[in-house]
Amino acid sequence: MKIRLEVKNLTKRFKLNSKTRKVHNGEPYLIAVNDLSFNVNDGEIYGLLGPNGAGKTTTLRMISTMIKPTSGEILFDGDDIYKNLYNARKKIGFLTSELKLDDFFTTDYIFNYFASLYGMKPKEIEENKKMIFDKFDIWNFKDQKIGNLSTGQKQKASLAITLAHNPDIIIFDEPTNGLDVITAKEVEDFLLSLKAEGKTIIISTHIFSLVEKLCDRVGIIFDGKLVKEGYLKDIVSKDKNLETVFFDLYNNRDK
Amino acid sequence: MKNIITIFKKEMKRFFTDRRMLAALFLPGILIYVLYSVIGNVIGNTVNGSTVSNYNYSIVETNNYGDSSKQSKLDMYLKAALQTYEDTVEIKYINKSEVDAYKVDLKADKYQLIIDFDDSFELNVTSGIKSNINFYYNGASNESSFIYEATSSLIESAYGVYSVNISKDGTAINPNVSDKNVTFLKIISFILPMVLLSLLSSTCLSLAPESIAGEKERGTLGLVLIAPIKRSELAVAKVLALTVTCLVSGLTSFLGLVFSLPKMFNGIGNINFSFGPLEIVGLLFIILSLLILLITFASFVSSFAKSIKEASGFLGPLTGLIVVVGILSAFLNTTNIGYAFVPLLNSAACLSSVVSGTTSLAFVIITIVSNLFYSAVFAYLMIRMFNDENVMFNVH
């Protein structure tokens, strides 16, 4: 299977300020991601599983080019994404709960705005918009301001904006966090439909059931290090489900 | 360039379709107009007293100032000049020796004004020799004060600057009537920079935190930061949109100023004030360059802050500084070019000097160039902030 994304020896070290140093025992730096390597194959859903503070979000932020790695490489189709940054960004869609849409604008306006920033032509924008708005049933609230939408509608709008430029690889940080069960199910179904379309997807989560339902392969991450990686079917067994495997690894992490 | 235009359009849509934003943009201009007009009326009423056009006035005038033909010329002039009040003004001619007796009548409000000319007044003035006129009026009487103001100004405009002795109720004081305009202009040039700077800065200091720190706080900036655009493009588009928006606000303030100042000056009655084209162009460029400076500074500070509250906290002291600078500017000597390099102080001093008519072209030009230079520095620093992931994403 073709490797779409290669993460090689990725490390991110944050310099701490005087306040945050106290929390980290006076250390001047925090190593959020430590020599992390994994691959994501074309057309699969890859899950990064780990507790809060494990480095999942930092890893996704680096892959999405939001922040730069301290060291290591991220290759997209064999090319270093930082060597052709803008081209790489056009191929990546990133959705995280930290990034929000401006309440003042409508979904329709924001969709056009971001598609335009990603260099899409008006005709392409309209075609892509029709497909995505149909899929998420956005037409009936497309002219309402984001601030007036329900949580579920906002999530749909965010998904639509993430896909506005028709990215090849889609990164979701905690995709179902804070959603009600109905909207969460819609998002799960949507991710599977994207996979069916041949999109490559990376998700980060701490929800075992989500990984089990969606992911082809999973990487378990603690303290910025990848402790286990592989196809889900190879990691779980009849005796050990994903949760058991995870806690076995977690309890033995310092041994 | 396409990305800058796209972001610029979005920012403009944000600013110009939000009612609260619109109010923040146009209120300063309206406030300037209303405030200055009201100030003009208040000062005008204070200086001129109440409107007294229906009162009767009696002026007693000494007639021993020399040549009788000159005397008749002056009388004719006074009568002609006072024709506005022809139904209410009566002029009586007395000898110098009678002045003291008439002072008693002046106190009793039987007469409202005594004009006592020096001997050979006309002859002296014609020969270029300064000569005195002693005005006696009753300061406790509105009618007396009013006719004194009107008459002294008429004589002043006929003869130019000369020494005038004024006595209220016979107590000799010696102010120079010709200082009245200067005093008034001093007051205005003192108030104007402070009020104008405060109103202009209030727009800049509210829009920049909302547009930059607000977007960071709400998490809406992140999506733009991962788009395939240069962060310098984002910074430039933001500064451009803020600058244009604040320029619109500045223009309304400027129009408010242009329309209200003549009203303010004319409200005083005898002071005819109008801006010449040079003053208008000078004021316009000073206000524009000052706005650009304020917006780039506020944008730089806002890009550093994590939230609107933090940005407002950082920018808060600037509001106090602006008031202090506004006051200080009234005491600055604009012949000292060094002040033209000091941000804020230079603009305030320029505004003050343009209004008081003591402006220096070199000072104005250096002020504008300095403002633009400092703006470029702050814009550069802001772009550095946009490129700094620690600042933009508050990672740790």
Qualifying position, being open to solvent by less than 10 Å² (accessible area, probe 1.4 Å), in a helix (DSSP H, G or I), farther than 16 Å from B:GLU11 by Cα and not acidic (Asp, Glu), among B:LEU205, B:LEU261, B:LEU242: B:LEU261
Only one of A:THR96, A:THR107 is at pLDDT 90 or above and within 23 Å of B:SER211 (Cβ to Cβ). Can you tell me which? A:THR107
Residue satisfying all of: in the range B:5-40; closer than 29 Å to B:PRO262 by Cα and open to solvent by 80 Å² or more (accessible area, probe 1.4 Å); farthest from the other protein chains (Cβ to nearest Cβ) among these: B:TYR33
Scanning the range A:132-153 residue by residue, those charged (D, E, K, R) and open to solvent by 70 Å² or more (accessible area, probe 1.4 Å) turn out to be A:ASP134, A:LYS135, A:ASP137, A:ASP143, A:LYS145
Residue hits (the range A:1-25; more than 11 Å from every other protein chain (Cβ to nearest Cβ) and surrounded by fewer than 19 Cβ atoms within 10 Å (Cβ to Cβ)) are A:MET1, A:LYS2, A:ILE3, A:GLU6, A:LYS8, A:ASN9, A:THR11, A:SER18, A:LYS22, A:ASN25
For the range A:142-161, check the following and say yes or no: at least one residue is hydrophobic (A, V, I, L, M, F, W, C) and under 30 Å from A:LYS8 (Cα atoms). yes
Sort out which residues of the range B:208-227 are within 14 Å of chain A (Cβ to nearest Cβ) and not small (Gly, Ala, Ser), and write them in order of number. B:GLU210, B:ILE212, B:GLU215, B:LYS216, B:GLU217, B:ARG218, B:THR220, B:LEU221, B:LEU223, B:VAL224, B:LEU225, B:ILE226
Condition met for A:PRO28 (surrounded by fewer than 17 Cβ atoms within 10 Å (Cβ to Cβ), in contact with a Lys or Arg (Cβ under 7 Å, 6 or more places away or on another chain) and farther than 14 Å from A:THR11 by Cα): yes
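For residues that are more than 15 Å from A:PHE208 (Cβ to Cβ) and either assigned to a loop (DSSP other than H, G, I, E, B) or not β-branched (Val, Ile, Thr) (or both), scanning just the range A:53-65, find the one that is most open to solvent (accessible area, probe 1.4 Å).
A:GLY53
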Identify all residues within the range A:35-52 that are out of contact with any Leu (no Cβ under 8 Å at 6 or more places or on another chain) and open to solvent by 50 Å² or more (accessible area, probe 1.4 Å); write none if there are none. A:ASP42, A:ASN52
Test: residue in the range B:29-42 that is at pLDDT 65 or above and touching an Asp or Glu at 6+ places or on another chain (Cβ under 8 Å): no
Please enumerate the residues belonging to the range A:91-100 that are facing chain B (nearest Cβ under 8 Å) and surrounded by fewer than 20 Cβ atoms within 10 Å (Cβ to Cβ). A:GLU98, A:LYS100
Just to be sure I understand the filter: pairs with C-beta atoms under 7 Å, separated by 6 or more residues or on different chains, first member in the range A:1-16 and in contact (Cβ under 8 Å) with a residue 24 or more places away in the chain and within 13 Å of A:TYR82 (Cα to Cα), second member among the β-branched types (Val, Ile, Thr) and open to solvent by 30 Å² or more (accessible area, probe 1.4 Å). Which pairs pass? none
Could you say which residue among B:LEU290, B:LEU234, B:LEU251, B:LEU240 is closer than 20 Å to B:LEU197 by Cβ, modelled with pLDDT of 85 or more and not basic (Lys, Arg)? B:LEU290
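Residue by residue, here is whether (1) at pLDDT below 90; (2) under 18 Å from the mean Cα position of the chain (by Cα); (3) within 13 Å of chain B (Cβ to nearest Cβ); (4) in a strand (DSSP E or B) holds:
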site: A:ILE67; (1), (2), (3), (4): yes, yes, yes, no
site: A:GLY72; (1), (2), (3), (4): no, no, no, yes
site: A:LYS83; (1), (2), (3), (4): yes, no, no, no
site: A:TYR86; (1), (2), (3), (4): yes, no, yes, no
site: A:ASP102; (1), (2), (3), (4): yes, no, yes, no
Looking at the range B:321-343, which of its residues are at pLDDT below 85, open to solvent by less than 70 Å² (accessible area, probe 1.4 Å) and under 20 Å from the mean Cα position of the chain (by Cα)? B:ILE322, B:VAL323, B:VAL325, B:GLY326, B:ILE327, B:SER329, B:ALA330, B:LEU332, B:THR334, B:ALA340
Residues of the range B:280-324 being closer than 19 Å to B:VAL244 by Cα and without any contact (Cβ under 8 Å) to a residue 24 or more places away in the chain, which ones? B:VAL281
Only residues in the range B:376-396 that are closer than 25 Å to A:THR57 by Cβ and more than 14 Å from every other protein chain (Cβ to nearest Cβ) count as the first member; pair them with residues that are surrounded by 14 or more Cβ atoms within 10 Å (Cβ to Cβ) and modelled with pLDDT under 80, Cβ under 8 angstrom, at least 6 apart or cross-chain, and list the lot. B:MET385/B:VAL391; B:MET385/B:MET392
In the range A:155-169, residues that are open to solvent by less than 20 Å² (accessible area, probe 1.4 Å) and in contact with a Ser or Thr (Cβ under 7 Å, 6 or more places away or on another chain) total 3
What pairs come up if the first residue lies in the range A:117-141 and is within 14 Å of chain B (Cβ to nearest Cβ), the second is open to solvent by 30 Å² or more (accessible area, probe 1.4 Å) and not basic (Lys, Arg), and their beta carbons are under 7 Å apart, counting only those six or more places apart or on different chains? A:ILE125/A:ASN112
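The values are calculated or read from the model by the stated rules, or taken from the named source; none is laboratory data. Not measured: the values here are computed from a predicted model. Please note: Cβ atoms are built from the backbone with ideal geometry, for glycine as well, and neighbour counts cover all protein chains shown. Accessible surface areas use protein heavy atoms only, side chains included; no ligands, DNA or RNA. Shrake-Rupley method; radii C 1.70, N 1.55, O 1.52, S 1.80 Å.
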